[in-house]
1. Which residues, taken from the stretch A:127-150, are more than 10 Å from chain B (Cβ to nearest Cβ) and either assigned to a strand (DSSP E or B) or more than 37 Å from the chain's Cα centre (by Cα) (or both)?
2. Please determine, by comparing only the residues of the stretch A:176-196 that are assigned to a helix (DSSP H, G or I) and touching a residue at least 40 places away in the same chain (Cβ under 8 Å), which one is nearest to the chain's Cα centre (by Cα).
3. Residue pairs, Cβ under 8 Å, 6 or more apart or interchain, first in the stretch B:143-158 and part of a helix (DSSP H, G or I), second of a type in the set (Lys, Arg). List them.
4. If the requirement is being surrounded by fewer than 14 Cβ atoms within 10 Å (Cβ to Cβ) and more than 28 Å from the chain's Cα centre (by Cα), which of these qualifies: A:102, A:64, A:98?
5. Do we find that residue A:71 is under 21 Å from residue A:196 (Cα atoms), polar (S, T, N, Q) and assigned to a helix (DSSP H, G or I) in this structure?
6. Somewhere in the stretch B:45-66, is a residue within 30 Å of residue A:80 (Cβ to Cβ) and surrounded by 14 or more Cβ atoms within 10 Å (Cβ to Cβ)?
7. Just one of (1) assigned to a helix (DSSP H, G or I); (2) facing chain A (nearest Cβ under 7 Å) trips up residue B:118, so point out which.
8. Only one residue in B:140, B:100 is without any contact (Cβ under 8 Å) to a residue 24 or more places away in the chain and either out of contact with any strand residue (DSSP E or B) (no Cβ under 7 Å at 6 or more places or on another chain) or buried (at least 16 other Cβ atoms within 10 Å of the Cβ) (or both). Which one?
Amino acid sequence: MRKVEDFAKYKAFFLPVILIIGILFASLFFLRPKIFEIFELQKKVTKERKTLAELTKKAATLEGLDEVELTEKTEVLLKVLPPEKDVANILLTFKVLGSQAGISLQEVQIDSEDTISLKIQGQMEKAISFMEKIETSYPLMRLEEATISSKEENQTQATIKVKFFFLPLPKTLGSVDSPVSLVTPQEEKIYQEISKFTPVLIEENLPPVGGGKENPFAF
Amino acid sequence: MKKGIDFLKAYEKPGRPKELSRIFKVGMLVIIIFYCLLSAAVLSFWFSLKKEHQEINRQIEVKKSQISRLRKKESLQILLKQRLSSLAKIWTLKKGDFPRFLSFFLQISSKEVNLSEIKISSGGTVTVKGTAANAFILGRFLEKMTSNEAANIFSDITLTSVTRQKDGSYNFGLSLAYEKS
């Protein structure tokens, strides 16, 4: 009898207690995951905003580049700094430069992977001109050492150690969202200097290659 | 029947459970309203973030496809940059101006002074060996070597050896240092 009385007394509290429990459950299984999701989303959105800004900048930068100018510049730079070591081309360059300067190329020796020694003979002025040409022609070369000795009247003999350069092509282009590196003013200045270099191996300087018969079976 | 006072039984104010239940009900209502508002705010914020996330992703895809169309330009730019940055490094290695040094020696040498050997190294040193017809000519040659023009080219000039020959001529050796350009 007493239990029934107690039940009647606390009956009014049952609904609020059930509601509180319901709210707690809803908070635990619905609101809490959503709040965590919001934090995650905020992190993602911040990161994506940054990515979008970078991509927008990259697209604008690429749009602003002149394809014709880029092609011309890369063509020059590939001649200045070839993608592979081409010793035959370098030797031919020395031969052409030697004949242009008017000196005789007496000996050529490959010292190491990127160094060649030359023995030349001729007038001092012409030897100087030859050295000037080496450093202002492409492919890019640098004089490492020079020993000049006088041989006869008005004739000098020089042993020159020349370092040549090559650079393999880049293997990867990078991901879409990697930024575009622009040419710095210092690099632009270097390009301006290099563009003044003279190409040595132009068509007319190359030795003629035989062949090309109309009928290969006839003498 | 004997009646007694039950001291342990508390006095119950009539109507107290009802008041409590009313407070509970009002409290619950407030909590529910607050909870609903909070849930609505959380949901709407989540929804707007989700929409923004989708929109940004869409824009990213658009930009990526735009960049893909410009792939040729990008590869050219990468190639250009790779070559130029390597050239910049080669440039910073600096060089000795060999033709300039040789032109200078050609200019100061004369019939009386014969330079038998000039050795130039990219490390920043030049050694010169030569013969002067007599002490006076050697002195004049050394004077030329200490002129302003020489000072512009070489930072340090040292006379390393002087030997008098039987015929009165002098063999000499010079060591010069230069600042790489």
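1. A:137, A:138, A:141
2. Taking the candidates together, the pick is A:191.
3. Pairs that qualify, where the first residue is part of a helix (DSSP H, G or I) and the partner is of a type in the set (Lys, Arg), are B:150/B:144; B:153/B:100.
4. Among A:102, A:64, A:98, only A:102 is surrounded by fewer than 14 Cβ atoms within 10 Å (Cβ to Cβ) and more than 28 Å from the chain's Cα centre (by Cα).
5. Working: under 21 Å from residue A:196 (Cα atoms): yes; polar (S, T, N, Q): yes; assigned to a helix (DSSP H, G or I): yes.
It is true that residue A:71 is under 21 Å from residue A:196 (Cα atoms), polar (S, T, N, Q) and assigned to a helix (DSSP H, G or I).
6. No: zero hits.
7. Only one criterion is unmet by residue B:118, namely (1).
8. None of the other options fit; the residue is B:140.
The values are calculated or read from the model by the stated rules, or taken from the named source; none is laboratory data. Computed from a predicted model, the values in this text were never measured in an experiment. Methodologically, a virtual Cβ is constructed for each residue, glycine included, from the backbone with ideal geometry; neighbour enumeration extends over all protein chains shown.
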